[in-house]
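The structure appears below as structure tokens.
Quick note: the coordinates plus some simple rules give every number you see, no bench work behind them. Fair warning: this is a prediction, and the values are worked out from it, not measured in the lab. Every residue, glycine as well, gets a Cβ built from its backbone with ideal geometry; the counts of neighbours run over all protein chains shown.
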Amino acid sequence: MIREASSLGPDIVQFVVEAPRVADHARAGQFIIVRTNDRGERVPLTICDVNPGNGTITFVVQAVAESTREVKIPTIASLNPLMVDGTGMCGGCRVSVGTETKFACIDGPEFDAHRDPRARRVREDRGLR
């Protein structure tokens, strides 16, 4: 559960999250994997702070695709967490990138974040065909 979300600047948000089991063992600088739900994408984030007494961890995220587009800095979205078998047979890593359908395990897993910063999964948007 998110206890606190605060803006640190344009497109930068700090989250303090209730995670007592993690807080008891983790250290700042280590990684955690977060998901928005049971079927959500696995996103690795670096832990910035740990408070075992409160049972919380803190991490910071930044939306970079839009800010780097403005200054023409190439930005890559890595879709490694979507890959299951690496052969394209299961379709689990099928994504929409711009107007094209791609497979992260065959066509990626890195894509131009400026074409579609969300690289939406086809399964979640339109269902597998």
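List of remarks:
- Applying 0.36 nm per residue to the separation of ARG69 and CYS90 and subtracting their alpha-carbon distance, the gain on full extension is 4.3 nm.
- Divide the volume of the convex hull around the Cα atoms of the stretch 2-62 by the residue count and you get 83 Å³ per residue.
- Approximating the spin labels as points 7 Å out from Cα along Cα→Cβ, the SER6-to-ILE76 distance works out to 3.5 nm.
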